[in-house]
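Remarks on the structure that follows.
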Amino acid sequence: MSRVTAAVRPLPLPNLFWPLAIAVLCLVTFGALTIGRFEIAPAEVFVILANNLWPMDTGDSVAKERVVELVRLPRVLLALLAGAALGVAGAALQSLFRNPLVGPDILGIAPGAAFGGALAIMLSGNPWMTVAGAFTSGLAAIFLVLMFARAGARANSLTLVLAGVVVGALFSALVSLVTFLADVESELPAILYWLLGSFSSANYSKLMVLALAVLIGIVPVMALRFRLNVMALGEDEAAALGLRVGPIRWTILLGTTLVVATSVAVAGVIGWVGLVVPHLARMLVGPDHRALLPASAVLGGIALVIVDTLCRSLTAAEIPLSVITAIVGAPVFLLLLRRAAGTGWRNA
Amino acid sequence: MQIQIQIQMTSILGAAVRRTVCVCTVLAVVLSARSALAADGVLPVRDQLGRLVALEQPAERIVTIPMPAAPMLIGLQQGVGSLAAMHPESRSAIRAGVLGELFPAALSLPTNVVGRGFMPNVEAVLATKPDLVIQWGNRGSDLIAPLEAAGLPVAAVQYGGEEDIREWLSLFGVLTGEQANAKRLIAARHEALERLAPLRRLPDAEKPRVLYLFRVLSGLQVAGGDTFNDFSIRSAGGRNAAADLQGFKPVNREQILAWNPEVILLNSFEPGLTPAHITDDPVLGLTAAAAAGRVYQMPIGGYRWDPPSHESPLAWLWLAARLHPERLDVDLSAQISAQLTAIYGEKLAPAMIARVLGPENAGQSGDSAAHE
C-alpha cells in the first residue's frame, strides 16, 4: 500500500461522516439565510423560500422577501459554490503536486487571476471579460510556475512552492502596476474593491457564471478521483501502472485553474480556504480521493458560508473576507501541521 | 507699562545709558508688535504643520495640489489671480461646476504638476515658475521634501473638518494678501451655522435619518460619525443613520434597508451615478428615502459640496432646505445665486444656477479625459 494512505489515519466512525456533513451543510445554509443585519425570523425565511415551490402566505413584507431572495440567497449560494470549488481545487492540487503546502494562492493562480481580472476591469468593465481575463492569466501563472519548477531535472516540491511564491509575487506586482495606471475616478475604486474579496455584490448572474465554471472545471476533476490515488504513488509508478499521466495532469490543472480564476473573478481573492480545507477533510475521511474530494467540497462550502455570514453580520460595516479567512485559517493550518508532522507526506 | 519704566530710568541714569535704553525699548516695542501682528495674519506665516512658510510678500504664482485649494483661491481672489497650476481633479470640478464659465482662464492652467497620489512632479512645478506651492501635510513628508529641495516655499494643509477649513481660509488669505475676503468667508460659515441652529435644536424625532453614500457604483460605502459629511448632516438638522461607524466604510444593501434612511445623499464624483441607481434597485428602492423620492445628488457650485470647502455654507443651506422643506421657507435659487455672487464677485446666469441645483445636476465630471 502506498506510504501516503497507510500513514495518515482517518478519525474513527467514518461512516457517520456523510450524513453528518450533509446535515450540517443544510443547517448552515439555512442558518445563514436567517442571519443578517435586517431582522427576519427563521420561520419567515422558511415561508419565503417555500413560497417559491408552492404558494404560501408570506405576509405583506416585500422587504423581507427581497432581502432573503435577492440579497442573502445568491450570496449564500455563491459562497457555498466557491467554497466547494476552492476546497476541491486545493485537494486536487495538493495531490497532484504531492505537497501539503500547496493551494491556489501559494501556486500563484490566485494572484495571476487577480492580475487578469484587474486588467479586464481597467480595459473594459464587462463582467464576462473579467472572468475571461482572470482565467487566462491564472493559466499563464500556473504555466510559469511549472516552467520555473522544471528548470532542474525534477520538479521537487520545494522548487514548486518557491516558484509559486515567485510567480505570485510577480503577478501581485503587476496588479500594483494596473492600479497605478487605472483611472482614479472610475476604474481604480472598482479594482480595489474587487481585489479585497467580497460576496457583497453577489447576484444570480455571477452564480450562473461560477456554476458554469464549476461544471466545466470540477466535474472532470471529480471523475478522476480514483486516478489521483494512483498518481500519489509518484509519476513514474503511475505511468508504469498504465495511467496516462500527462492528460490527467493537464485536466486537473486546467480544471482547477478555471474554477479558481472564476471564483476570483466573481468574489475577489479568497485565501486559505484551498489550503486548509483539504487537510481538515483528510483528517475526517482519510486520504482516499474518492472520499476526499467530495468531503473537501462539502467542508469548503460550509466554511466559506460561515465566514461570509460573519463578514456581513458581525458589524454594520462589511469586513473583507480575507481578514477572517486569515485569522481563522492560519492558526488552524498551524495546528494541522503540528498534528501531521512527521506522518505520511513523503515528497518524491 | 514700558513708558513708565522708561521715565523712571531716565531720571536715574546717565545720557549714554539713556541712549542705549532708548534703542532697546524701541526695539522691544517693534518686536513685540511684530509678533502680535504675525499671530494676526502677516507674512511670514505658519502653515497647518507649524512650519514657517518662507514668503515675505503675498504670493504671485501659486501651484495647488490639494483638490479644494484651487477653487478656494479663486474664491478668495474672485478670479484666477495668482493661481498658476492645479490638480487635474480640481480642473475637472471647475469644468463640471460654474467656475469654468465664470473664469474660463482657469481651464487652461496646467495640471501636469501632480502625479499619482498627490506626488508632485517637481520639474513640471518648476516650469510654471511658482513662488508658493500648497500641498497636503498629513500624507507623509515625501510629498513636501522634493519641493523644498528644489527651493520652493511650501504651505502644508491638513484634511479635517470645520476648524481645518477655517484655518485654510485664514492661511490662504495671508498668503494671497486677501485677508479681508478670508475673514468674510469665515464669517459667512459662522452665520450659516447660526441661521440653521434652530434646526439643530429640534428633538431627534423631528430630524430625518440621512445617509450619505460615499460610493455606490464600485461597492456601497457610507460616511460614519466622524466625517465632514456627518457634520454637514447634523448642521442641517438631520441625523446620520451611519453615525455608529467611523470614517468611510463598506456596507451591504441589507444594512442600508435595516437603517431605512429617510433621505439618501449621493456623492458627486462617481461618473454616471444618478438617483435612479437607488430608486430602481429592488432592495434599496424599498427604503423610505427611495419611496418618497428623497434621493439627492450632492451639487457642485464652484466646487463639490461633499467634502469640506469654502462653499460649505451653501451646502448646508441646500441640505437644510432638502431635510426641512416645510420649516425653511427660502428661495433656494435666489439664495444660492446671491451667495455664489458674494463669493466670486460675478453675477451668475439663471441657467448656471439651474444646473447647480437641478435634478440632473452635473455631479459627474465624466471628464476622465481631463487627466492630462
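Globularity index of the stretch B:118-254 is 1.36 (Cα radius of gyration / 2.2 N^0.38 Å, N = number of residues). Just list whichever of A:Lys64/B:Lys207; B:Lys183/B:Lys207; A:Lys64/A:Lys206; B:Lys207/B:Lys249 have alpha carbons separated by over 30 Å in the model shown. Correct reply: B:Lys183/B:Lys207.
Between A:Ser205 and B:His190, the modelled labels are 5.5 nm apart [label points 7 Å from Cα along Cα→Cβ]. Quick check for me: using +1 on Lys/Arg Cβ and -1 on Asp/Glu Cβ, what's the dipole size of the protein assembly as shown about its Cα centre, in debye to the nearest 20? I would put it at about 2040 debye. Only Lys, Arg, Asp and Glu carry charge here, each on its Cβ (+1 for the first two, -1 for the last two); on that basis chain B has a dipole of about 780 debye about its Cα centre.
Extension gain, B:Asn260 to B:Leu202: 0.36 nm times the residue separation minus the Cα-Cα distance gives 18.8 nm. For chain B, adding -39500 (n - 2.57) for each run of n ≥ 4 DSSP H residues and dividing by the number of residues yields -12500 deg cm²/dmol at 222 nm. On a per residue basis, the convex hull of the C-alpha atoms belonging to chain B measures out at 173 Å³. The A:Arg244 and A:Leu215 beta-carbon pair, evaluated with R₀ = 30 Å, returns a calculated FRET efficiency of approximately 0.80. Electrostatic bookkeeping for A:Ala295 treats Lys and Arg as +1 and Asp and Glu as -1; over the other residues with beta carbon under 13 Å from its beta carbon, the sum is +2. Over the stretch A:74-184, all Cα pairs binned in 10 Å intervals from 0 give whole-percent P(r) values of 15, 39, 32, 12, 1, listed from short to long. Pick out, in residue order, every one of the trypsin sites (Lys or Arg not before Pro) in the stretch A:227-290 that is DSSP loop and has at most 12 other C-beta atoms within 10 Å; say none if there are none. Qualifying residues, ordered by number: A:Arg244. By the rule of a C-alpha distance below 18 Å, with chain neighbours fewer than 8 residues away ignored, the aspartates and glutamates paired with B:Lys129 are B:Glu56, B:Glu60, B:Glu148. Could you please report the charge total around B:Gly161, scoring K, R as +1 and D, E as -1 over all other residues with beta-carbon less than 15 angstrom from its beta-carbon? Counting the neighbours of B:Gly161, the net charge comes to -4. Taking one quarter of the surface of the convex hull spanned by the alpha-carbon atoms of chain A gives a direction-averaged projected area of 18.8 nm². Only helices enter this figure: runs of n ≥ 4 DSSP H residues, each worth -39500 (n - 2.57), summed and divided by the residues of chain A, yield -23500 deg cm²/dmol at 222 nm to the nearest 500. When chain A is treated as a GNM, springs tying every alpha-carbon pair under 10 Å, which of A:Ser61, A:Ser313, A:Ser296 comes out with the largest mean-square fluctuation? Between A:Ser61, A:Ser313, A:Ser296, it is A:Ser61 that shows the largest mean-square fluctuation. Note on the stretch B:283-330: Cα convex hull, mean projected area over all directions, 4.1 nm². Binning all Cα-Cα separations of the protein assembly as shown at 20 Å, short to long from zero, yields these whole-percent fractions: 15, 38, 29, 14, 3, 1, 0. Applying 1/(1 + (r/R0)^6) with r as the Cβ-Cβ distance of B:Met119 and A:Ile327 and R0 = 51 angstrom yields a FRET efficiency of 0.90.
Each Lys and Arg adds +1 at its Cβ and each Asp and Glu adds -1 at its Cβ; summed about the Cα centre, the stretch B:259-349 shows a dipole of about 120 debye. When chain A is modelled as a GNM with alpha-carbon springs shorter than 10 Å, which of A:Thr262, A:Thr315, A:Thr130 fluctuates the most? Looking only at A:Thr262, A:Thr315, A:Thr130, the biggest GNM fluctuation is shown by A:Thr315. Highest GNM mean-square fluctuation among B:Ala182, B:Ala334, B:Ala289, for chain B modelled with Cα contacts below 10 Å: B:Ala334.
Values quoted throughout were computed directly from the atomic coordinates according to the rules given, and no laboratory measurement underlies them. What you see is a predicted model; the values in this text were computed from it and never measured. All Cβ positions, even for glycine, are placed from backbone atoms using ideal geometry, and neighbour counts span all protein chains on display.
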